[in-house]
1. Within the stretch 99-115, count every residue that is free of Cβ contacts under 8 Å to residues at least 60 places away in the same chain, more than 10 Å from the ligand (Cβ to nearest atom) and touching a strand residue (DSSP E or B) at 6+ places or on another chain (Cβ under 9 Å).
2. Evaluate the following for T267: is it over 15 Å from M1 (Cα atoms), over 19 Å from the mean Cα position of the chain (by Cα) and among the hydroxyl-bearing types (S, T, Y)?
3. Go through the stretch 174-203 residue by residue and tally those that are touching a strand residue (DSSP E or B) at 6+ places or on another chain (Cβ under 8 Å) and away from the ligand (no atom under 16 Å from the Cβ).
4. Can you pull out the helices (runs of 4 or more DSSP H) entirely within the stretch 186-285 that have at least 1 residues that are of a type in the set (A, V, I, L, M, F, W, C) and surrounded by fewer than 18 Cβ atoms within 10 Å (Cβ to Cβ)?
5. Can you work out which of the residues in the stretch 139-164 that are without any contact (Cβ under 8 Å) to a residue 40 or more places away in the chain and closer than 23 Å to Q6 by Cβ is farthest from the ligand (Cβ to nearest atom)?
6. Within the stretch 132-155, which residues are surrounded by fewer than 16 Cβ atoms within 10 Å (Cβ to Cβ) and either among the basic types (K, R) or part of a loop (DSSP other than H, G, I, E, B) (or both)?
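Nothing in this text is a laboratory measurement; each read-out follows from the coordinates by a stated rule. Computed from a predicted structure; not experimentally measured. Virtual Cβ from ideal backbone geometry, glycine too; neighbours counted across all protein chains shown.
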Amino acid sequence: MWPLPQPRHGARDSYTTCISRTKEMGEEKRRTRLTEATDAVEEAGQQFRQAAGTKTLHTLKSENFQVPGIEKKEKVTTWLYDYGMLDGPGRDIYDELISAPKHGRCPLCGHGTVRTLDHFLPKAHFPALCVDPLNLVPACSDCNKAKSDDHAVTAEKTPFHPYLDDIDGEKWLAAKVIHEDDSVRLHFRVSPPPSWDHVLTARAHHHFRVFGLRTMYAQQANRHLGEIRGHLQGLLAAGGEETVRAHLRDGAASSLSDRPNGWHGVTYRTLAGDETFCRGAFGSG
Ligand SMILES: [Zn+2]
């Protein structure tokens, strides 16, 4: 949901690095078999990129992304990803990918801290892409778990891919303030801009649902509201509702310039636009 620059390593580059010390993982024969599959793995990477370019990742078939000459039972992803990348010669590539997001912020939810790399197309079904950097997305543990082995089956159900999709040029995250008795809370939703087609809109809703963003953002915003309530009461007492509104607008502008469509900036923008709130209905907890 939040864009990242594309990795500088290609599919072949990463694969050959990851198998370069295969001998130490076991047998010499294994290295020979993996080396023989290099061209096929590169071609799988090209197919992946081609489909990414035409936004047809959902049409890719698992049978075309096996590593030739290796039986399924041989668990090739353990050789390649676990022994070749995580704990092997490809570790530098892994470290470069996982450290790409600014301040370690998860690009899938925009909130959690990156702890792992998520295989956008799952390695169990697409082993030929298991060390392809374009298929390895930094993620927080919650997003990694939420996505699990689920992968794009239709255009509409393709989650956003931080290297391939950039939707931050427009406002798409909205919230509303809900006043109930003496409490105030925020409710978040996807608000598709007019330029989005139905596929992009459906993907945003799907992404929001899969990663539980409505609940996550509401929890964060409502906690934050508790933290700033005392400050807002002070501003209201000192300068009235205009002072409160100006403070919230400043907060929104500052936060949204750093993070367009971030929950924090959207919270401030929404509160600044709510007259009842600015007049002092800050809730009691
Ligand atoms: Zn996340």
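1. Residues meeting the conditions: 3.
2. Here the answer is yes, as T267 does meet what is asked.
3. 13
4. Where helices (runs of 4 or more DSSP H) fall fully within the stretch 186-285 and carry at least 1 residues being of a type in the set (A, V, I, L, M, F, W, C) and surrounded by fewer than 18 Cβ atoms within 10 Å (Cβ to Cβ), they are 198-210, 213-239, 241-258.
5. Looking at residues that are without any contact (Cβ under 8 Å) to a residue 40 or more places away in the chain and closer than 23 Å to Q6 by Cβ, I get H151.
6. K145, S148, D149, D150, V153, T154
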